[in-house]
Amino acid sequence: MVALLRMEKNKETSEKKETYQCGASLIHPQVVLTAAHCVSNKEDSYKIRAGEWDTQTTYELFPHQDREIDHIIIHPKYIKGGLFNDFALLILDTPLEIIENVDVVCLPNKTTISEKGFFCYATGWGQKEFSGDGKNPIILKKVDLPIVDRESCQEQFRKTHLSSRFKLHDTYICAGGELNKGTCKGDEGGPLVCAIANEQDRFYQAAIVSWGIDCGKENIPAVFAHVAKAMDWIDEIMTSHKFDTSIYRY
């Protein structure tokens, strides 16, 4: 789990402020995966923070690590209006150190299907800003969400203001739809991870938090960018930058 921070500069004092932008995930010591819509504004500058837990204190057992971003690579078929192909890779200026609280998530292969009813986990802070004033203590949270099949998800969304013509794009999967449980504003870009079969405490990233209607509403799941659909592109970018793709295989 990685925090994506937007760097804001006070025009009067030139003082820089770190504002929480989105979640993200580490797929290589020098590469972060997030949602394209989190980094699509070319006028903004960003950095990442790995190993964070409580954003209000530095008294955690293990320190967090900050890195600058060298390159932002957005999926070539990303469509801002519909958030289709909502994938982006961030190339860091220097690799992160892999320690107890910073590690790489596994990625699926392009044929991986996350099955209906299977419970996976979303993580995030779900807040807009890293505030140091103590008003909003922000602890990393985790929620278990069931995968919802495409037909049911599309049907549920057609009953909302999206209308009966709504079509779920093939780069999405859905999860959630349980009362008072779900991802919410500020969780975008973060990972949805599912257990690897027959392996203890190992997970692969099935999807990226993309969008939703309300938060934790019954029978209204959240929508996630389906990582399996982007694996050819991810592998291609990794290879072109001479990064080892075996690090996220399982």
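The values are calculated or read from the model by the stated rules, or taken from the named source; none is laboratory data. Please read these numbers as outputs of a predicted model, since none were measured by experiment. Here Cβ is always computed from backbone atoms with ideal geometry, including for glycine, and neighbour counts include all displayed protein chains.
For (1) surrounded by fewer than 22 Cβ atoms within 10 Å (Cβ to Cβ); (2) farther than 22 Å from residue 193 by Cα; (3) at pLDDT below 95, each residue gets a yes or a no:
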site: 14; (1), (2), (3): yes, yes, yes
site: 24; (1), (2), (3): no, no, no
site: 29; (1), (2), (3): yes, no, no
site: 35; (1), (2), (3): no, no, no
site: 47; (1), (2), (3): yes, yes, no
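Taking the numbered list (1) hydrophobic (A, V, I, L, M, F, W, C); (2) without any contact (Cβ under 8 Å) to a residue 60 or more places away in the chain; (3) part of a loop (DSSP other than H, G, I, E, B) in turn, residue 104 passes all entries but (2).
Report, ordered by the first and then the second residue, all pairs with beta carbons closer than 6 Å, sequence separation of six or more or different chains, a first member in segment 171-192 that is free of Cβ contacts under 8 Å to residues at least 60 places away in the same chain and under 17 Å from residue 138 (Cα atoms), and a second member that is part of a loop (DSSP other than H, G, I, E, B) and of a type in the set (A, V, I, L, M). Matching pairs, first to second residue: none at all. Looking at segment 33-54, is at least one residue closer than 24 Å to residue 246 by Cα, more than 16 Å from the chain's Cα centre (by Cα) and not β-branched (Val, Ile, Thr)? Looking through segment 33-54, none of the residues is closer than 24 Å to residue 246 by Cα, more than 16 Å from the chain's Cα centre (by Cα) and not β-branched (Val, Ile, Thr). Considering segment 134-250, the qualifying strands (runs of 3 or more DSSP E), each wholly inside and each with 1 or more residues that are modelled with pLDDT under 95 and charged (D, E, K, R), run over 141-148. Of the residues making up segment 213-229, those that are surrounded by fewer than 24 Cβ atoms within 10 Å (Cβ to Cβ) and touching a residue at least 12 places away in the same chain (Cβ under 8 Å) number 9. In segment 142-163 there is no residue matching the filter, namely being surrounded by fewer than 21 Cβ atoms within 10 Å (Cβ to Cβ), under 17 Å from residue 36 (Cα atoms) and touching a residue at least 40 places away in the same chain (Cβ under 8 Å). Within segment 200-250, the set of residues being in contact with a Lys or Arg (Cβ under 7 Å, 6 or more places away or on another chain) and on the phi > 0 side of the Ramachandran plot comprises just one member, 216. Looking at the structure I just gave you, is residue 27 under 17 Å from residue 243 (Cβ atoms) and in contact with a helix residue (DSSP H, G or I) (Cβ under 7 Å, 6 or more places away or on another chain)? Yes.
State whether one or more residues within segment 53-67 are of a type in the set (A, V, I, L, M, F, W, C) and within 21 Å of residue 8 (Cβ to Cβ). No, segment 53-67 contains no residue that is of a type in the set (A, V, I, L, M, F, W, C) and within 21 Å of residue 8 (Cβ to Cβ). Of all residues in segment 99-127 being exposed (fewer than 14 other Cβ atoms within 10 Å of the Cβ) and either under 17 Å from residue 186 (Cβ atoms) or among the hydrophobic types (A, V, I, L, M, F, W, C) (or both), which is modelled with the highest pLDDT? Among them, the one singled out is 99.
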